[in-house]
Amino acid sequence: MADVAFQTFDFVGRELNATLAEARTALERFESTVQRGELPSEMSELQAGAWRSVADALIGADFATSRREAERLIAGNGVKLDGEPVGDARQAWTATKPVVLSVGNRRFIRILPQRGT
């Protein structure tokens, strides 16, 4: 019986350590991105599509489900390209190098230029 109890304790201890490590990582990410405004060290990447505007890029990155939602995010000053606020929903998409598109403090994606540009 003691062997089963020890195995259970060992399992719970390992799970707790893993959970604490995940919590530490989440806290560090929150402090760096939300409190200090830094870009995360790791983020998803997306190949740019045939986008004509920043609003199209928001839809392509799944940060908005419609053009109107994208326009509202931009009008609310919640969208940034490489840390610079986007002020016009009709701003042309002209990125020829990788850029970081962010919405709010928690959603980031690196957009890679279209192949051949």
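The values are calculated or read from the model by the stated rules, or taken from the named source; none is laboratory data. What you see is a predicted model, and the numbers here were worked out from it, not measured in a lab. Please note: Cβ atoms are built from the backbone with ideal geometry, for glycine as well, and neighbour counts cover all protein chains shown.
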>> I'd like the residue in region 63-92 that is among the aliphatic types (A, V, I, L, M) and surrounded by 14 or more Cβ atoms within 10 Å (Cβ to Cβ) and, out of all such residues, is nearest to Gln47 (Cα to Cα).
In response: Leu81
> Here are some residues: Ala18, Ala95, Ala50. Which one is exposed (fewer than 11 other Cβ atoms within 10 Å of the Cβ), in a loop (DSSP other than H, G, I, E, B) and modelled with pLDDT under 90?
Replying inline: Ala50
> What are the residues in region 69-92 that are among the aliphatic types (A, V, I, L, M), at pLDDT below 90 and either within 15 Å of the chain's Cα centre (by Cα) or under 23 Å from Arg115 (Cα atoms) (or both), if any?
Replying inline: Ala92
>> Among (1) surrounded by 10 or more Cβ atoms within 10 Å (Cβ to Cβ); (2) modelled with pLDDT of 90 or more, there is one condition Gly104 misses while meeting the rest; what is its number?
In response: (2)
